[in-house]
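The values are calculated or read from the model by the stated rules, or taken from the named source; none is laboratory data. This structure is a prediction, so every number in the text was calculated from the model and none was measured. Backbone-built Cβ (ideal geometry, glycine too); neighbour counts: all protein chains shown.
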């Protein structure tokens with residue numbers, strides 16, 4: 001009777017081993033196939049056509065976008081919004097003379113600009129930034145440098 | 001006489017630091033308080049007083065930095081107005 005049991009287990013073990021092997025192997029196989037998928041995605045992204053846009057087009061678009069962003073920041077600034085005389089904000093309006101802001105407000109606008117465009121504006125450049133047009137020029141120059 | 005840019009850069013670093021508060025109440029209070037103090041002393045010409053206030057502002061800047069760290073360690077839920 002003992003022999004029978006031994007024989008039975010001997011017969012059973014090959015099947016057991018293969019089952020456990022499969023369960024061990026399958027995750028690795030899955031990972032490999034995932035990796036291939038990721039690789040393919042990366043490749044197709046790098047060669048997508050969107051990166052081939054002419055440079056002049058992009059520059060024009062950027063200027064318009066920067067202008068809009070700068071004007072929006074200034075128009076939405078509390079002091080400008082709540083000014084009783086409701087000054088019209090144009091690219092040429094002087095922040096201090098035309099919009100009735102002081103140097104502290106100017107600094108606050110600069111902080112907002114830094115947050116929007118993502119780089120530091122050094123202290124020494126504050127005096128150069130008196131109108132939205134000057135700000136736009138300045139930002140474009142800085143963006144071109146990077 | 002204290003240079004204009006120095007005061008403005010102090011103001012800027014205080015505002016920037018306050019923007020890092022994760023809690024809306026702290027953030028807005030700090031900014032309003034800083035703005036109010038700077039506006040109140042805009043026409044100050046007494047040099048000794050100026051130096052004293054600058055020192056106070058620097059001390060407060062360090063305090064804000066510490067408090068920002070603390071507020072980031074214990075995040076609160078966002079308010080409905082955010």
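Being within 14 Å of another protein chain (Cβ to nearest Cβ), more than 24 Å from residue B:41 (Cβ to Cβ), out of contact with any strand residue (DSSP E or B) (no Cβ under 8 Å at 6 or more places or on another chain) and in a loop (DSSP other than H, G, I, E, B) is true for just one of A:114, A:120. Which residue is that?
Numbers: A:114 fails: in a loop (DSSP other than H, G, I, E, B).
Residue meeting the stated conditions: A:120.
Only one of B:61, B:73, B:8, B:79 is modelled with pLDDT under 90 and surrounded by 14 or more Cβ atoms within 10 Å (Cβ to Cβ); which? I'd like the intermediate steps shown before the answer.
Working: B:61 fails: modelled with pLDDT under 90; B:73 fails: surrounded by 14 or more Cβ atoms within 10 Å (Cβ to Cβ); B:79 fails: surrounded by 14 or more Cβ atoms within 10 Å (Cβ to Cβ).
The match here is B:8.
For the stretch B:28-46, which positions are closer than 24 Å to residue A:120 by Cβ and either at pLDDT below 90 or facing chain A (nearest Cβ under 9 Å) (or both)?
Those that are closer than 24 Å to residue A:120 by Cβ and either at pLDDT below 90 or facing chain A (nearest Cβ under 9 Å) (or both): B:31, B:35, B:38.
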